Amino acid sequence: MSPVLTETHAVPSPIPPGSPEPGPARRDLLDLETLPKADLVRLLEGAAAFRRVLATPSRKKAVLTGTAVANVFFESSTRTRVSFEWAAKRVGADSVSFVSAGSSVSKGESLLDTVWTLESMGVDLVVVRHESAGVPLFLARRVSAHVINAGDGCHEHPTQGLLDARTLLDHKGSLAGLKIAIVGDVAHSRVARSALWAFTRLGAHVTLCGPTALLPVDASALGDRAAGGSVRTAARLEDAVEGADAVMALRLQTERMERANLPSVADYARRYRLTRKRLAGAAKDVLVLHPGPMNRGVEIASHVADSPKSLIREQVANGVAVRMAVLCWCRGLDPVEAAS
Amino acid sequence: MTTLFVNARLADPTSGSFANEDVLVDDGRVAARGTSARTHAAAARAETIDLAGAILAPGLVDVHVHLREPGQGDKETIATGTRAAAAGGFTSVACMPNTAPVLDEPARIAWVLERARKVGAARVHPVAAITLGLQGERLTDLAALVEAGAVAFTDDGRPVSRAGLMRHALAYAKDLGVPVITHAEDLDLRGDGVMNEGAVSARLGLAGMPAASETIAVQRDLELAALTGARLHVAHLSTAGSAQALRAAKARGLDVSGETAPHYLALTEDAVGSYDTNAKMNPPLRAAEDRDAIAQALVDGTIEIVATDHAPHTPFEKQGEFAAAPFGVVGLETALSVCWTHLVAAGRMDALALLRAMTTAPRALLGLPDPLVLGAEADLVAFDPEATWVVDPVRFSSKGRNTPFAGHTLSARVLGTWMAGVRTYDALEQVRT
């Protein structure tokens, strides 16, 4: 008879013992890919409610009094950081910001050391931006504070995706069946990745458009097809814009030229700059989005950015409201109730 | 010391026999096999080991291991790495030269051999660098390195990017009668990729390494083998295209061979899941089609060797940003079980065929003798193919804990390992109680 081995010890985990697990038990906003539709919808409703709060004389709803928020930015960012700082103030939380550009590796400090620093300070919510994809998840598995992803490498930028969806909903009421084009350096865009999850989960049909060298090699795992949405890619701008209800232009990063994804900025602009003429094939009431900051004349013509079709300013305004809703939701509050 | 193994199913992958057979080991060598073992004069003073129907086989040989010494003892040492080898059933390992300093001088080869003699729980066969400092610029003193004990040449961890230089290395190694092991990769095409390029990398927002960055380089080196007539061995094959290229090269009659690693046979890019740095290695885990093509190539004999590419790193190095974490996973202590589970127990590969890929074929590449021949040094492994176990990296003998198989339930458990008749690993009691 063969000897039989029975092992009874627990299955080991790469996560240190005692670490909190991300998931239903705790609320982190790490990505929109795994955010259930019910939460997505509630966050967007909460954002609308907070938009109304921002229109009141006090412009404030102090529902998170005493909550300590740390904005930890390993990549320089003004717009997103300021938006989160405003949002924290508007819900009565205390926030501090660390800006420390450059990877922790290049500085000789490990992410684990960052984790210990945050733990020692007794932070309740960590808003993190990092040049490396996956860092918010890494932190969420190791800190007791709830983690909000403010952009991780080329992965996701979920609050941006929420504010994009909120802005379109303000005008369209529903995204179900809408045709939305996302144009630019999609392969390296966390904005595009978050937006496509939000849009498709709400039933929109998304076309990712850009030069093939800047499109995902395989888009088959992108987008929530089960929710009625779809994702396709197109290298020709005319194909993506045809009949589109909304077009989002992405910021072109000049470093892409150095890596030979593109011959030149001028070449990109010649083929993909959003102009009035190129939008002619879109729906009559087409809406234009841009996450900012814009390279006017490169990915978007000024006359489009400043036209009535452009929702770019509304996106910024919705950003604060969305982040107020997210801060409340991560602390276990219902964002709609928190705003009322 | 004399040992009599009884109630063993003796797997002899070289001869093809797989039957109940006793083995008597006397003074480190195989003294008798079969019915004559118990009646042999030396049997009277033997310690009897009852294997209770478990398999006894030639000690496993791994042609691709990073022992990390000299210079990187925080990752692994020759002592811990060979203990890990013994725990996985290996009696011989070939160690890669990307240490600090690089194994590009005869004295360093001699140092590794001396260190292994003192502390090794397995035989260590050093592989020397092709180019000084692995810089891909100037050839090492190949002849002197062979004289010092190097069994092959490689710049593993990085390719020799210049085709002209690689041609000369192959031609020179041919004169010396040793193989060149190529880490085939087009670095320009790989770019800053950190995982396989495909649907998963697109979803995670991680830079991809296209399969073509391996396949193109494999094809180049196979052409150089044709040009020089040299003995070329292709390390860690992971793509369907590479397997096809090797198949075609063999059909042309080239003197080439290839290896793959257990993780390419068992896992796909999905194992990266949510940025698991313990599933990050180079070449990366590929698509399901690649995994299946690599397994098929192993089954049909195109790829004749399973090697682990055992690459220990400290937990600190692996705990951090996925993009910044070093490439590499450990494999010595899970290799046999992973292959057994996914190939033999799964009914896709014959037990003897797998053992050939882990014993006979790697021995042929390194020029090592068959340990089951009468009078040969008795390098043996005993394992129970029925025993299942759960991989717990904390229990590894290796310093490395970086395995993608943590928590996996595997079949086939090593019961004991013997190097020239001396026990280097013993789990008989542990497994039976």
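The values are calculated or read from the model by the stated rules, or taken from the named source; none is laboratory data. Since we're looking at a predicted model, the values are computed, not measured. Cβ: placed from backbone, ideal geometry, glycine included. Neighbour counts: every protein chain shown.
For this structure, a couple of remarks:
- Restricting the stretch A:246-286 to residues that are more than 23 Å from the chain's Cα centre (by Cα), within 14 Å of chain B (Cβ to nearest Cβ) and loosely packed, with under 11 Cβ neighbours inside 10 Å leaves a set whose member that is nearest to A:Pro211 (Cα to Cα) is A:Ala260.
- Hits in the stretch A:136-181 (condition: over 14 Å from the mean Cα position of the chain (by Cα) and within 18 Å of A:Arg27 (Cβ to Cβ)): A:Leu137, A:Phe138, A:Leu139, A:Ala140, A:Arg141, A:Arg142, A:Val143, A:Ser144, A:Ala145, A:His146
- B:Gly375 passes every criterion in (1) within 14 Å of chain A (Cβ to nearest Cβ); (2) out of contact with any Ser or Thr (no Cβ under 8 Å at 6 or more places or on another chain) apart from (1).
- Counted residues, the stretch B:401-428 - those being in a strand (DSSP E or B), within 14 Å of chain A (Cβ to nearest Cβ) and not small (Gly, Ala, Ser): 6
- Subset of the stretch B:200-215 that is surrounded by 18 or more Cβ atoms within 10 Å (Cβ to Cβ) and of a type in the set (A, V, I, L, M, F, W, C) - its residue that is nearest to the other protein chains (Cβ to nearest Cβ): B:Ala202
- Any pair with Cβ under 9 angstrom, 6 or more apart, that starts in the stretch B:271-289 at a residue that is in contact (Cβ under 8 Å) with a residue 12 or more places away in the chain and more than 13 Å from chain A (Cβ to nearest Cβ) and ends at one that is basic (Lys, Arg) and buried (at least 21 other Cβ atoms within 10 Å of the Cβ): B:Asn282/B:Arg190; B:Leu285/B:Arg291
- Restricting the first member to the stretch B:385-398 and to residues that are without any contact (Cβ under 8 Å) to a residue 24 or more places away in the chain, and the second to residues that are surrounded by fewer than 19 Cβ atoms within 10 Å (Cβ to Cβ) and assigned to a strand (DSSP E or B), the beta-carbon pairs closer than 6 Å and six or more apart or on different chains are B:Val390/B:Thr409.
- Among the residues of the stretch B:218-241, those identified as free of Cβ contacts under 8 Å to residues at least 60 places away in the same chain and either of a type outside the set (A, V, I, L, M, F, W, C) or not in a helix (DSSP H, G or I) (or both) are B:Gln219, B:Arg220, B:Asp221, B:Glu223, B:Gly229, B:Arg231, B:Val234, B:Ser238, B:Thr239, B:Gly241.
- Test for B:Val160: is it outside any loop (DSSP other than H, G, I, E, B), surrounded by 23 or more Cβ atoms within 10 Å (Cβ to Cβ) and either touching a Ser or Thr at 6+ places or on another chain (Cβ under 9 Å) or of a type in the set (D, E, K, R) (or both): no
- When A:Leu137 is tested against (1) buried (at least 18 other Cβ atoms within 10 Å of the Cβ); (2) out of contact with any Lys or Arg (no Cβ under 9 Å at 6 or more places or on another chain); (3) outside the structural domain of A:Arg323 (by TED's automatic domain parsing), exactly one condition is not met: (3).
- Tally, over the stretch A:203-244, of residues that are closer than 17 Å to B:Val200 by Cα and not hydrophobic (A, V, I, L, M, F, W, C): 8
- Among strands (runs of 3 or more DSSP E) entirely within the stretch B:48-140, having at least 3 residues that are within 27 Å of B:Pro326 (Cα to Cα), assigned by TED's automatic domain parsing to the domain that holds B:Asp155 and touching a residue at least 24 places away in the same chain (Cβ under 8 Å) singles out B:60-65, B:90-95, B:123-128.
- Within the stretch B:188-199, tally of residues that are part of a loop (DSSP other than H, G, I, E, B), among the acidic types (Asp, Glu) and either surrounded by fewer than 22 Cβ atoms within 10 Å (Cβ to Cβ) or more than 7 Å from every other protein chain (Cβ to nearest Cβ) (or both): 1
- Taking helices (runs of 4 or more DSSP H) as the structural unit, those lying wholly within the stretch A:73-169 and holding at least 2 residues that are within 14 Å of chain B (Cβ to nearest Cβ) and modelled with pLDDT under 90 correspond to A:104-107, A:111-121.
- Considering A:Glu255, A:Glu242, the condition of being among the acidic types (Asp, Glu) and touching a Lys or Arg at 6+ places or on another chain (Cβ under 9 Å) is satisfied by A:Glu242 alone.
- For the stretch A:225-237, the condition holds for at least one residue, the condition being that it is within 14 Å of chain B (Cβ to nearest Cβ) and modelled with pLDDT under 95.
- Any hit, the stretch B:60-76, residues being over 15 Å from the mean Cα position of the chain (by Cα) and either of a type in the set (Val, Ile, Thr) or over 23 Å from B:Gly400 (Cα atoms) (or both): no
- In summary, B:Phe18 fulfils each of the numbered conditions (1) over 30 Å from B:Ala129 (Cα atoms); (2) modelled with pLDDT of 95 or more; (3) out of contact with any helix residue (DSSP H, G or I) (no Cβ under 6 Å at 6 or more places or on another chain) with the single exception of condition (3).
- Output for the stretch B:200-217, where each listed residue is in a helix (DSSP H, G or I), of a type in the set (A, V, I, L, M, F, W, C) and farther than 19 Å from B:Ala235 by Cβ: B:Val200, B:Ala202, B:Leu204
- Any helices (runs of 4 or more DSSP H) falling wholly within the stretch B:277-341 and containing at least 1 residues that are surrounded by fewer than 24 Cβ atoms within 10 Å (Cβ to Cβ): B:288-299, B:315-318
- Counted residues, the stretch A:292-325 - those being in contact with a helix residue (DSSP H, G or I) (Cβ under 6 Å, 6 or more places away or on another chain), over 17 Å from A:Leu169 (Cβ atoms) and buried (at least 23 other Cβ atoms within 10 Å of the Cβ): 0
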